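First up is the structure itself, then whatever we jot down about it.
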Amino acid sequence: MPGENEGHTHCAEAFRKHLFPSCTLTLDEFNTTVDRFVPAGFSARNPGNHDKVNTPGPGELAIPLEHFEVVFRLPLWPEIRQALRYYGVVPAQLNPNSVAILVAFICYMRSERIEFSLSIFRKLFTFRAKGGVVFFSGQLLKTTGLSNKHHHWGERFIYVTGDFGNIPLQPVQYEDAAYKPPALGSRESAILEFFGSKEFDVHFLRRDVDSLPPVFPGEGMVSL
C-alpha cells in the first residue's frame, strides 16, 4: 500500500535495519508501566540492555512508553487495528506525535458518534516515512497540542505479547501508490468540510477518552 513519496516502498526494510539505540528502561519504569498499561490477557517482557525497539521476539510488539502516555491502549482499539493493517506498520514505527494524531482523530469521531473513516483520515493527514519511522502530518488543517519533548521514545519501550487482532507483527512491504488520498463520497466530503472548519487540538480531543466507546457500523449518527 504506500504512497507517492520516495522511500515508502522501502519503509519496512528501513525500519528493520535502522540503527535504533539500545533500550534504557529501568526495572522500576518497567514495573510501573506494566501495572498501569498492561491489562489481563497480555504479558510484558523487560527488554535487555542490548534489545532495540525494532528487534522484538516472535509474537511480540515493542511499545514505547511515550505511546502509552498519548493514550495508546491495550487491548488495541478497533480503529487502531484498522489503521495499522492499512498502513502495514507496527506501533513502534509511529513516533509519539503521530500516535497522538491518530488517537485524537479517533476520539473526535467517537465524540461525534461517527463511524471511523480511514478515507477522511488519509485526506486530512499525510503519510511520510523516514528511516523506517512513520509520520502523520496535517495537510488540510492545523494541528495543535503536539509535543516537542519526545526525543528518546525509541530507547524506552517494553515487549508485549497477547491478542492484538489481525495486525502486522512485523512491518509490511507495500508497493507505491496505495496511500494516495482517495476520492470521497458526498457524505464523507461533508464531514471533511466540517473537520476543516475546526482547529485540531490533540490535547482537547484526548480528554475523557475512556468514556468514548467505539462507533460500529449502523450505531452512529453517520455511517460511512
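Helix 96-111 and the longest principal axis of the C-alpha atoms of the chain enclose an angle of approximately 40°.
Helix 186-196: angle to the longest alpha-carbon principal axis of the chain, degrees 0 to 90, nearest 10? So the helix axis and the longest Cα principal axis differ by about 70 degrees.
Calculated mean residue ellipticity, 222 nm, the chain: -9000 deg cm²/dmol, from DSSP H runs (n ≥ 4) at -39500 (n - 2.57) each, averaged per residue and rounded to 500.
Within the shell of other residues whose beta carbon sits under 11 angstrom from the beta carbon of Ile167, the net charge comes to +1, with Lys and Arg scored +1 and Asp and Glu -1. Axis angle, to the nearest 10 degrees, between helix 27-37 and the longest C-alpha principal axis of the chain: 30 degrees. Note: relative contact order over the chain, using C-alpha pairs below 8 Å and six or more positions apart, is 36 percent. When the square roots of the Cα gyration tensor eigenvalues are ordered a ≥ b ≥ c, the ratio a/c for region 51-98 is 1.5 or more and a/b does not exceed b/c, which makes its shape oblate. Note that region 157-167 has calculated 3J(HN,Hα) couplings of 8, 10, 9, 10, 10, x, 8, 9, x, 7, 10 Hz, one per residue in order, obtained from phi through the Karplus relation 6.51 cos²θ - 1.76 cosθ + 1.60 (θ = phi - 60°); glycine and proline are x. Region 84-104 and region 124-151 have their alpha-carbon centroids 10 Å apart. Looking at region 28-63, the chymotrypsin sites (Phe, Trp or Tyr not before Pro) that sit in a DSSP loop and have at most 16 other Cβ atoms within 10 Å of their own Cβ are Phe42.
Charges at C-beta only: +1 for Lys and Arg, -1 for Asp and Glu. How large is the resulting dipole of region 11-209 about its Cα centre, in Debye rounded to 20?
Charge dipole, region 11-209, about its Cα centre: 340 debye, nearest 20.
When the Gaussian network model of the chain links Cα atoms closer than 10 Å, the mean-square fluctuations of His151, His67, His203 top out at His151.
Read-outs throughout are calculated quantities, based only on the coordinates presented, and are distinct from any laboratory measurement. The structure presented is a predicted model; accordingly, all values stated were derived computationally and were not measured. Cβ atoms come from the backbone with ideal geometry, glycine included; neighbour counts cover every protein chain shown.
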